[in-house]
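Undergrad: Please find one structure pasted underneath; my questions will follow.
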Ligand SMILES: Cc1cc2nc3c(=O)[nH]c(=O)nc-3n(C[C@H](O)[C@H](O)[C@H](O)COP(=O)(O)OP(=O)(O)OC[C@H]3O[C@@H](n4cnc5c(N)ncnc54)[C@H](O)[C@@H]3O)c2cc1C
Ligand code: SF4
Ligand code: SF4
Ligand code: SF4
Ligand code: SF4
């Protein structure tokens, strides 16, 4: 069994529980043990880098240092926003002399920069797909709009994705799971991210364009790989629909939930009951058969 | 007899500070507007990214002031769309981060931005106290700071029902270490 | 005894702002052998040169050192002045106080000190200079023109019309270049083919022009006046002497779905093809990469139907050797294609096209016979967005320079669209409008004022497709940077003009230099814009930098004038700075022969009077030797030297540097 460092981040403990559940479920299928970093702390998110650049490096750096101590050279960071902060911190420490000396003093830990954060997409490609390829028994006969948002594709120096303006990695995963990945226009547009609470109106506007484009092109679900994108597209649906003429009901699901379904895992074990916009219709459409995990 | 022959030196323009401190070259921007065209928020901003850069390029104290007092710098989501498409590779979000902390330092924050800052502050307070983000704590503290007491009242019960709200925050063991990180980082921000 | 004169130039302030020139002259006057030393503001000026001439005569100088700018700039000037005063010009040397000293240092005592040292080194060298006499070589009065676009055509016709022979080599099956693909041309909107094709025919029929199409340059040796060129005539598989151009073969060829280069991929052609109806020569070639006969050994239909029995599958590439005296590079340019632009769809949308594709759609001879139809479904667009600077002025993803032609052709495109569809909506996104040129800005204004083309100042961030429309997301920076979204049926990208992909290779064959973008470099950006740094090789057209037709034609005529001027002499004088062999010490190992990049080293047999062989030694062909010195460095018996840079001269310079003495307490 492969072991890999796991940084769930605050969302996966709260608003994105289903992401955590489904990620762990598919990891089990792939024979990977996700070892949660000991006593990890919040990455600081937008708040830290908006207000204090030192904090923005130091908070994630503590997690990197913990991972190093635990002997991991890879840390799975399923939240794209956390990934971006951890990867940026690593980048700064590696490229900026100033941080190299300052950070260890701040976090009171040594840091060599040997633990590399990886995204959920890289994780799936590297550790999961090969292992589960033959177990994808439940072909997902539906149309999916793969949504990447900002932080998986930008900035360039942190992104591992090719064709950043029109990426196709998630599409390939969807295809492998038997689904149809549609071509659409809002794959890499911003969902409003951190303005969710303060300027919900803006998030509503931005997400309206996204869900509208996806559903008008016939998608049955939007597939995401970031809890921030998910909570904006899912929990903010009433705000979103204020900007649309119709009541848009297209569910937003995690890529891990999608793989879980394709593996035949029961939807509730993947956290589908936790969605604000129910995925029931869509799931029924898949005519699933389920297996016990 | 000694006469005063030197003319008063000019105040250091922000663009020089940006160059010295974060190594971004405002002068590279040639005002094509591609950033504003792609920015998800340029429609909401008082000054679009290229306009902010233009003000910085001019380098007059009044223009720098306008930049620091603008609302736009607080709306930026750091989505990096502008930067990734900029033909001149101007890392605008990086400059935005700098402008925000500069605006706070010089106490020139746009009145409407107070809410955004309050949110960020509440967020950081939550981390400072527990090491992680507690959503209940965050919302409560933010509401107290802004008096937006009714905001999202419909959301909370639903979240709670779906097991997405933890009433009691998780406190990490290294809370003291986190607090010390905060203390040192804050001190540093004040010193420069 | 040596009697050396030192002349220190201020070069205005170029040198004197950091070097104390008077001091340098003063120090130099103390160097052994120096009998005269002076400084002056502009040594290259008439009074400056007179200073040198008078000193040579008055002080009976045996050597001259001019301490000034780069010898590349003014060595000929000062050597000429020296000769005019009756001294052999090769007894004049230059110390480069500008590039090697004043421009690269601050004003400090050590800067002046370094300048004085540079002078001393040259004083020591010039003591060992010898009188040299220019070499005379004959000229082959035939010009080679590479590339048959409008640039090559103009140069070839001008040279041929002055009575000299021209050989033209074009890599495509027809001459004409990009101009043959254009619909109408700015700023007059005359039909491109109508003004071009008569000239193409003139080239083909001119008694002084030999045309090789479907041919490339294999190798180039020799030097100005005496180039030896090998041309690779690619196998056409069709005997053009026998072929009558009836076109039966093309009709019968079953392979018909090959994207047509001439129509910028918007149409198809057969495996045996003539690129376009007005092609010169108007006879087919077989594209072996796509022909069934060559791929699978079967088919042979064209051969069966050809009434003239002109199809020859067995034809092979042919190497043709020619002697020419001058070479004109006129290989033009290329453009970036629409699949290059990530945020504009990576070529995903068939209706996002490039400028050349638009030209083909608008051209009466194009795949749609001049009716603007969009590639995806053949519908006629009602709204077209034109995007200027697509990939130009874009250091991040494209090229940093301005492509120069696209502002104008974009205005033309918008106009042509509006002329074809009066109610259509034409939108141009631009950053600046660069319309410098006779009647150019008027042309752009006409597009805006008379044809109601909507110019929006701002760069487009992205394009996506929705319900059969292309949504173009831009901004209007003149309206408070307001975001704008335009629905378009077709988008035309004015994609960057770039150098040909094989230009670097050709430059290496020609031994000419090229810039960082792989365009060929001119000898001087202002004063020698048509020549290259390699004597006898000139440039015409867009292979030097993106250019429109008027500029291309002007440059081509300028180049022709240079060639004709060269051919007006019967022989050339060359600098005698070449290698020579000491027959007494040469052991005949011929290591030198194996390294000479110009193949200038031959074998010479030394025989006694009775004819018995004493030994075989190396001999330098003075016509070929470029004086690079590689052989000198390699010769184990130290038998080769270079005139003007003999070992003695170099040693004198080096030992001068090592044996520093204090002169006048600097
Ligand atoms: C979309 C578009 C529209 C334009 N519209 C206008 C207009 O309206 N008015 C105007 O004035 N200009 C216009 N131009 C510019 C015009 O096309 C150029 O000025 C002109 O083509 C330059 O001529 P050239 O002979 O230098 O190069 P080219 O036309 O590129 O010709 C070069 C020739 O050399 C050949 N060649 C290349 N490499 C080799 C090699 N290694 N060996 C042998 N042969 C080789 C090529 O096959 C070609 O035949 C336009 C350009 C574009 C792209
Ligand atoms: S895209 Fe870049 S160059 Fe263009 S206006 Fe914005 S910052 Fe300036
Ligand atoms: S990073 Fe900020 S300024 Fe740039 S496009 Fe995103 S929101 Fe706009
Ligand atoms: S032999 Fe080749 S060129 Fe001739 S008809 Fe057949 S495919 Fe066409
Ligand atoms: S000519 Fe005009 S469109 Fe072309 S690169 Fe220059 S400015 Fe841009």
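Let's see how each residue does on (1) at pLDDT 75 or above; (2) assigned to a loop (DSSP other than H, G, I, E, B); (3) within 10 Å of another protein chain (Cβ to nearest Cβ):
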site	(1), (2), (3)
B:137	no, no, no
B:145	yes, no, no
B:150	no, yes, no
B:159	yes, no, yes
B:172	yes, yes, yes
B:177	yes, no, yes
B:180	yes, no, yes
B:186	yes, no, yes
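Undergrad: Looking only at segment A:182-200, which residues are on the phi < 0 side of the Ramachandran plot, away from chain C (no Cβ under 14 Å) and in contact with a helix residue (DSSP H, G or I) (Cβ under 7 Å, 6 or more places away or on another chain)? Before the answer, list the steps.
TA: Of segment A:182-200, the ones on the phi < 0 side of the Ramachandran plot are A:182-191, A:194-200.
Then keep just the ones that are away from chain C (no Cβ under 14 Å); that gives A:191, A:194-200.
Passing the criteria: A:191, A:194, A:195, A:196, A:197, A:198, A:200.
Undergrad: Can you tell me which of C:346, C:401 is part of a loop (DSSP other than H, G, I, E, B), at pLDDT below 95 and either surrounded by fewer than 23 Cβ atoms within 10 Å (Cβ to Cβ) or more than 15 Å from ligand 1 (Cβ to nearest atom) (or both)? Outline the logic, then answer.
TA: Values: C:401 fails: at pLDDT below 95.
The unique qualifying residue is C:346.
Undergrad: In segment C:1-105, which strands (runs of 3 or more DSSP E) lie fully inside it and hold 2 or more residues that are over 32 Å from the mean Cα position of the chain (by Cα)? Steps first, answer last, please.
TA: Numbers: elements: C:4-9, C:34-40, C:63-68, C:92-96.
Fully inside segment C:1-105 and qualifying: C:4-9, C:34-40, C:63-68.
Undergrad: Can you work out which of the residues in segment C:341-380 that are closer than 21 Å to residue C:178 by Cβ and within 14 Å of chain A (Cβ to nearest Cβ) is nearest to the chain's Cα centre (by Cα)? Full working, then the answer.
TA: Taking segment C:341-380 as the starting set, the residues that turn out to be closer than 21 Å to residue C:178 by Cβ are C:341, C:347, C:352-370, C:372, C:375.
Next, only the ones that are within 14 Å of chain A (Cβ to nearest Cβ) stay: C:341, C:347, C:352.
Values: C:341: 28, C:347: 31, C:352: 32 Å.
Ranking the qualifying residues of segment C:341-380, first place goes to C:341.
Undergrad: Which number in (1) away from ligand 2 (no atom under 16 Å from the Cβ); (2) within 10 Å of the chain's Cα centre (by Cα); (3) at the interface with chain A (Cβ under 8 Å from one of its Cβ atoms) marks the one condition that residue B:113 misses?
TA: Going through the list (1) away from ligand 2 (no atom under 16 Å from the Cβ); (2) within 10 Å of the chain's Cα centre (by Cα); (3) at the interface with chain A (Cβ under 8 Å from one of its Cβ atoms), residue B:113 breaks only (3).
Undergrad: Does at least one position in segment B:70-85 carry a residue that is touching a residue at least 12 places away in the same chain (Cβ under 8 Å), assigned by TED's automatic domain parsing to the domain that holds residue B:102, near ligand 2 (Cβ under 8 Å from one of its atoms) and over 17 Å from the mean Cα position of the chain (by Cα)?
TA: yes
Undergrad: Take residue A:223 and tell me if it is within 16 Å of the chain's Cα centre (by Cα), modelled with pLDDT of 95 or more and buried (at least 18 other Cβ atoms within 10 Å of the Cβ).
TA: Working: within 16 Å of the chain's Cα centre (by Cα): yes; modelled with pLDDT of 95 or more: yes; buried (at least 18 other Cβ atoms within 10 Å of the Cβ): yes.
When the stated conditions are applied, residue A:223 passes them.
Undergrad: So for segment B:65-87 (the condition being at pLDDT 95 or above, away from every other protein chain (no Cβ under 14 Å) and surrounded by fewer than 18 Cβ atoms within 10 Å (Cβ to Cβ)), does at least one residue qualify?
TA: yes
Undergrad: Identify the single condition in (1) over 15 Å from the mean Cα position of the chain (by Cα); (2) farther than 25 Å from residue A:95 by Cα; (3) facing another protein chain (nearest Cβ under 8 Å) that residue B:104 does not satisfy, given that it satisfies every other one.
TA: All conditions pass for residue B:104, except number (1).
Undergrad: Follow-up question, since we're still on this one. When segment C:550-578 is examined, which residues are found to be touching a helix residue (DSSP H, G or I) at 6+ places or on another chain (Cβ under 6 Å) and either outside any helix (DSSP H, G or I) or buried (at least 22 other Cβ atoms within 10 Å of the Cβ) (or both)?
TA: C:552, C:556, C:559, C:560, C:563
Undergrad: For segment B:14-21, state whether one or more residues are closer than 29 Å to residue B:187 by Cβ, touching a residue at least 12 places away in the same chain (Cβ under 8 Å) and not in a helix (DSSP H, G or I).
TA: The answer is no; no qualifying residue exists.
Undergrad: Could you list, in sequence order, all residues of segment B:33-55 that are under 17 Å from residue B:15 (Cα atoms), more than 7 Å from every other protein chain (Cβ to nearest Cβ) and buried (at least 24 other Cβ atoms within 10 Å of the Cβ)?
TA: B:49, B:52, B:53, listed by residue number.
Undergrad: State yes or no: is residue A:131 surrounded by fewer than 17 Cβ atoms within 10 Å (Cβ to Cβ) and not in a loop (DSSP other than H, G, I, E, B)? Break it down into steps so the answer makes sense when it comes.
TA: Values: surrounded by fewer than 17 Cβ atoms within 10 Å (Cβ to Cβ): yes; not in a loop (DSSP other than H, G, I, E, B): yes.
Spelling it out, residue A:131 is indeed surrounded by fewer than 17 Cβ atoms within 10 Å (Cβ to Cβ) and not in a loop (DSSP other than H, G, I, E, B).
Undergrad: Let me ask something additional. For segment A:89-102, name all the residues that are within 10 Å of chain B (Cβ to nearest Cβ) and either touching a residue at least 60 places away in the same chain (Cβ under 8 Å) or crowded, with 24+ Cβ neighbours inside 10 Å (or both).
TA: Applying the first criterion (within 10 Å of chain B (Cβ to nearest Cβ)) to segment A:89-102 yields A:96, A:102.
Selection gives nothing.
Undergrad: Tally the residues that are at the interface with another protein chain (Cβ under 10 Å from one of its Cβ atoms) and part of a helix (DSSP H, G or I), restricting the search to segment A:213-235.
TA: At the first step, the residues of segment A:213-235 found to be at the interface with another protein chain (Cβ under 10 Å from one of its Cβ atoms) are A:213, A:216-217, A:231, A:235.
With part of a helix (DSSP H, G or I) added as a condition, the list becomes A:213, A:216, A:231.
Residues in segment A:213-235 being at the interface with another protein chain (Cβ under 10 Å from one of its Cβ atoms) and part of a helix (DSSP H, G or I): 3 in total.
Undergrad: If a residue has to be crowded, with 21+ Cβ neighbours inside 10 Å and closer than 23 Å to residue C:549 by Cβ to count, how many in segment C:488-510 make the cut?
TA: Number of matching residues: 10.
Undergrad: Condition test on residue C:399, is it within 14 Å of chain B (Cβ to nearest Cβ), away from ligand 3 (no atom under 16 Å from the Cβ) and in contact with a strand residue (DSSP E or B) (Cβ under 8 Å, 6 or more places away or on another chain)?
TA: Yes: the conditions hold for residue C:399.
Undergrad: Need the failing condition index for residue B:15 against (1) at pLDDT 95 or above; (2) more than 9 Å from every other protein chain (Cβ to nearest Cβ); (3) out of contact with any helix residue (DSSP H, G or I) (no Cβ under 7 Å at 6 or more places or on another chain), just the number.
TA: Of the numbered conditions (1) at pLDDT 95 or above; (2) more than 9 Å from every other protein chain (Cβ to nearest Cβ); (3) out of contact with any helix residue (DSSP H, G or I) (no Cβ under 7 Å at 6 or more places or on another chain), the odd one out for residue B:15 is (3).
Undergrad: I've got another one for you. Say whether the condition of being in a strand (DSSP E or B), more than 15 Å from ligand 1 (Cβ to nearest atom) and either modelled with pLDDT under 95 or within 33 Å of the chain's Cα centre (by Cα) (or both) is met by at least one residue in segment C:413-432.
TA: Filtering segment C:413-432 for residues in a strand (DSSP E or B) gives C:425-430.
Next cut, more than 15 Å from ligand 1 (Cβ to nearest atom) only: C:425-427, C:429-430.
Right, trim to either modelled with pLDDT under 95 or within 33 Å of the chain's Cα centre (by Cα) (or both) and you get C:429-430.
Yes, segment C:413-432 contains at least one residue that is in a strand (DSSP E or B), more than 15 Å from ligand 1 (Cβ to nearest atom) and either modelled with pLDDT under 95 or within 33 Å of the chain's Cα centre (by Cα) (or both).
Undergrad: Looking at (1) buried (at least 24 other Cβ atoms within 10 Å of the Cβ); (2) at pLDDT below 95; (3) within 17 Å of residue A:228 (Cα to Cα), can you tell me which one residue A:12 breaks?
TA: It fails just one condition, (1).
Undergrad: Counting only residues that are within 18 Å of residue A:195 (Cα to Cα) and not in a helix (DSSP H, G or I), which one in segment B:75-130 is farthest from ligand 5 (Cβ to nearest atom)?
TA: Per the stated criteria, the residue is B:109.
Undergrad: State whether the residues of segment B:55-66 include one that is under 16 Å from the mean Cα position of the chain (by Cα) and under 30 Å from residue A:83 (Cα atoms). Working first, answer last.
TA: At the first step, the residues of segment B:55-66 found to be under 16 Å from the mean Cα position of the chain (by Cα) are B:64-66.
From what is left, the residues that are under 30 Å from residue A:83 (Cα atoms) are none.
Looking through segment B:55-66, none of the residues is under 16 Å from the mean Cα position of the chain (by Cα) and under 30 Å from residue A:83 (Cα atoms).
The values are calculated or read from the model by the stated rules, or taken from the named source; none is laboratory data. All figures in this text were calculated on a predicted structure; none of them were measured in a lab. Using ideal geometry, Cβ is built from the backbone for each residue, glycine included, and neighbour counts are taken over all protein chains shown.
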